[in-house]
Amino acid sequence: MAELLPTRTPRLLLALAFAVVFLIFSRPAAWAGRQFDDQVCDPLADYYLGMEDYPEAIRRHQAVIHDHPNNALAYYHLGFAYGMTGNHRDELVDYQKAVDLGLSDWQLFLNMGLVYLDAGRYGDALAVLRLAELLGPYHPEAHFNLGLAYERLGMYNEAQQEMLVSLKLDPRQSDARNQLGVIYAEQGNFARAHDEWTALANANPDYGPARANLAILERVERGEVKGPKRLTGLAHAP
């Protein structure tokens, strides 16, 4: 059976959005329910993070932590920089240090969830993505990635619900619509999957995963492909 393409939030887009947040220092950070003026990073360290100079961002954030070992925000930023260089082991270590120091931020838990999803640690992903959704209920990417975790664990009803909420918050998400079709197909509801992918392909002809999944589904419907009752692995987006 051909594999469906997995959909996920592009990390680069998260990085750009995250960098904008780093450079806003007009208000003290809300941390653990109180105001902590010292819970800000060195502006120059965050400048290099925003400029995507990750080696320099890592070096400067390490210096911040050396001088301020209880700065949870600096651990968060350092972990993010590690992740953008592909060092996901240290990324998770520093995210966890930020959590242990009391930082509670939906983007922190979202990024932890993305690392766990990539590593196939779906139970861990589910736990932190539930927190991301709780802290950021109006952010479609929190629901989208939580839906992915549910889908990977075979919890299709929950996955469907999260994808629908994500699409309600932002109906323009091609990846979420494609993934909703994947969930329908994995439930054995090929008619709804077909309708979802057809509508997506018509609305966005350049979106490859929808067309790929329609081709797979049409082969199944014609009896050319014999597989399990549920399609496990249609086309997910890159």
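In nm, to one decimal, how far is the modelled label at Leu134 from the one at Asn70, with both set 7 Å along Cα→Cβ?
2.5 nm
I need the phi-derived Karplus couplings for the stretch 155-163: 6.51 cos²θ - 1.76 cosθ + 1.60, θ = phi - 60°, integer Hz, Gly and Pro marked x.
8, 6, 5, 5, 4, 4, 4, 5, 5
Applying the Karplus parametrisation 6.51 cos²θ - 1.76 cosθ + 1.60 with θ = phi - 60° to the phi angles of the stretch 135-150, what ³J(HN,Hα) value in whole Hz is obtained for each residue in order, glycine and proline being reported as x?
Couplings: 7, x, x, 9, 9, x, 5, 5, 5, 4, 6, 5, x, 4, 4, 4 Hz.
Sorted by mean Cβ packing within 10 Å, highest first, what order do the peptides 172-181, 112-121 take?
172-181, 112-121
Step through the residues of the stretch 41-52 one at a time and calculate ³J(HN,Hα) from phi using the Karplus curve (6.51 cos²θ - 1.76 cosθ + 1.60, θ = phi - 60°), rounding each to whole Hz and writing x for Gly and Pro.
Listing the rounded values in order: 8, 4, x, 5, 4, 6, 4, 5, 5, x, 7, 6 Hz.
Just so you know, all these numbers are worked out from the coordinates, no wet-lab data involved. For clarity, every value in this text was computed on a predicted model and none was experimentally measured. Cβ atoms come from the backbone with ideal geometry, glycine included; neighbour counts cover every protein chain shown.
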